[in-house]
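Down below is the structure, laid out as structure tokens.
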Amino acid sequence: MALAWTGRCPGCGAWNTLVETLRPRAGASGRRSGQGRRGGPRASGAPRPVPLREVEAPAVDRLLTGVGELDRVLGGGLVPGSLVLLGGSPGIGKSTLTGMALGNLCAAGRRVLYVSGEESAAQVRLRAERLGEGALAVPVLAETSVEAVLATLEAERPDACVVDSIQTLYVEGMTGAPGSVGQVRETTGAIMEVAKRLGTAVVLVGHVTKDGTVAGPRALEHLVDCVLMFEGERERSFRILRALKNRFGATSEVGVFEMRSGGLVEVADPSARFVSEASEAPGSCVLCAMEGTRPLLVEVQALVAPTEIVPPRRIATGIDRNRLAMILAVLARHGGPSLASADVFVNVAGGVRVDEPGADLAVALALASAHRGEPLGGEGGKPLACFGEVGLTGELRFVAHPERRVAEALKFGLGPIVAPAAGERIEGLSPQPTLAAALRAAGGRRAARARAAA
Ligand code: TYD
Ligand code: MG
């Protein structure tokens with residue numbers, strides 16, 4: 001067969017959709033061929049399906065990385081033979097986190113291996129020096145050829161291995177550049193095969209740009225057992241580790257870290273940090289958010305500035321832009337200010353992202369407060385707290401775990417706590433049926449004073 005460059009798929013006619021793959025090796029019929037063994041082949045040679053209760057499911061001991069927040073997000077540590085993809089934008093701290101985890105495992109007597117395709121061994125050492133003795137004991141292999149990495153895995157048989165990053169590895173015999181979809185898929189497949197056979201827990205580090213579109217990690221999500229995302233703003237010290245997919249645990253858990261000079265430090269009580277930083281200026285509102293199963297208090301800030309620009313700007317950081325547009329529309333229509341001739345900026349302080357409808361009310365209250373130029377009416381010198389989804393008809397809608405959110409706000413003495421009505425009465429909660437009612441309840445100090453005087 002003659003080789004030719006092809007830019008267009010001869011099947012569907014679309015351009016630039018072809019992805020290079022290796023031809024399946026002769027005799028390698030894939031992982032699924034093992035299924036028939038348990039049930040025994042039939043005379044016809046067709047494999048026999050096995051009832052689930054007869055399938056052996058050996059209890060495995062997980063590898064604790066010793067980084068508490070990471071272990072929690074993983075669902076109790078690394079599972080031997082599993083593949084974890086750790087994604088995040090460059091400079092967020094992926095190498096630091098994996099370096100710390102391997103250091104701890106090594107100190108606990110596990111065999112580990114750190115494959116660095118990105119940095120030289122000397123650079124990895126420099127980082128490890130900041131992380132301490134444990135990290136310096138980790139054996140490192142600076143290599144980008146996947147064949148060499150596989151050979152080392154076979155020879156060393158580590159319990160845990162980090163590949164930093166999957167985009168730098170390449171398969172010999174494939175022309176695609178390292179990091180291309182074909183290469184990334186092929187290298188991951190090859191590593192997975194060896195990891196499953198040797199029982200090695202592998203963490204693949206992958207870069208994701210802000211929009212998550214770059215060829216690479218996203219193309220791997222269905223291949224790996226667990227996808228973790230490391231998020232945050234590089235300029236800010238807070239980092240949030242989230243599980244997007246986890247075959248061995250819940251995906252709702254998050255871990256909060258702070259980048260310090262000696263590596264990542266777990267933040268056991270992030271609410272305390274955010275509340276102490278929250279200001280009582282106009283446009284600031286404390287939101288009782290849920291990060292997984294944990295309540296988290298964060299500050300939502302808004303700025304409303306008159307503008308001549310049409311259409312005016314709507315800038316959202318940490319919340320969904322479409323959600324902001326919806327909240328602005330509901331405010332204008334149902335008892336709040338109309339901000340049609342103002343630029344609007346909304347920001348969740350500390351570089352946190354809140355991806356839940358429960359944040360709506362905080363955004364609405366912060367906007368109303370910014371518009372009035374008056375702080376929200378907290379009690380006893382403490383900020384007000386709120387949570388709740390805003391419906392299109394101006395009603396406040398129930399969101400999950402009201403009791404946990406209220407408890408967290410009470411722990412820090414915040415009040416009143418403005419929120420939609422929960423099924424049962426919750427001590428400390430000031431239930432409001434609509435956004436308009438919530439706006440009144442959260443009215444500024446001036447309004448509160450006027451009410452008291454009346
Ligand atoms: P790094 O783990 O190299 O990020 P990634 O692998 O995701 O690209 O580290 C990111 C940043 O963290 C880097 O700018 C240096 C900083 N850093 C610290 O502040 N303290 C430390 O102890 C370490 C190791 C790094
Ligand atoms: Mg790195």
Please report the antiparallel percentage of the DSSP beta bridges confined to segment 272-453, to the nearest 5. 65 percent
Per-pair calculated FRET efficiency, R0 = 51 Å: ALA400 and LYS196 via Cβ, rounded to 0.05: 0.90
For segment 68-268, with only Lys/Arg (+1) and Asp/Glu (-1) charged at the beta-carbon, what is the dipole magnitude about the Cα centre, in debye rounded to 20? 300 debye
So for segment 30-188: antiparallel DSSP bridges make up what percent, rounded to the nearest 5? 10 percent
Over segment 68-268, what relative contact order in percent results from Cα pairs under 8 Å that are six or more residues apart? 31 percent
Need the C-alpha centroid separation for segment 52-98 versus segment 238-264, integer Å. 11 Å
DSSP beta bridges in the chain: the antiparallel percent, rounded to 5, is 50 percent
Separation between the GLU266 and ALA305 pseudo-spin-labels, each 7 Å from Cα along Cα→Cβ, expressed in nm? 4.2 nm
Need one word for the chain: rounded, prolate or oblate. Basis is the Cα gyration tensor (sqrt eigenvalues a ≥ b ≥ c); a/c below 1.5 gives rounded, then a/b vs b/c decides. prolate
Anisotropy class of segment 272-453 from Cα gyration tensor, a/c 1.5 cut: rounded
Residue-averaged 222 nm ellipticity for the chain, from DSSP H runs of 4+ at -39500 (n - 2.57), nearest 500: -8500 deg cm²/dmol
Shape of segment 231-320, Cα gyration tensor, a/c cut at 1.5: prolate
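None of the figures in this text is laboratory data; all of them are computed from the coordinates on show. This one's a predicted model, so the numbers in the text were calculated from it and none came from an experiment. Cβ atoms come from the backbone with ideal geometry, glycine included; neighbour counts cover every protein chain shown.
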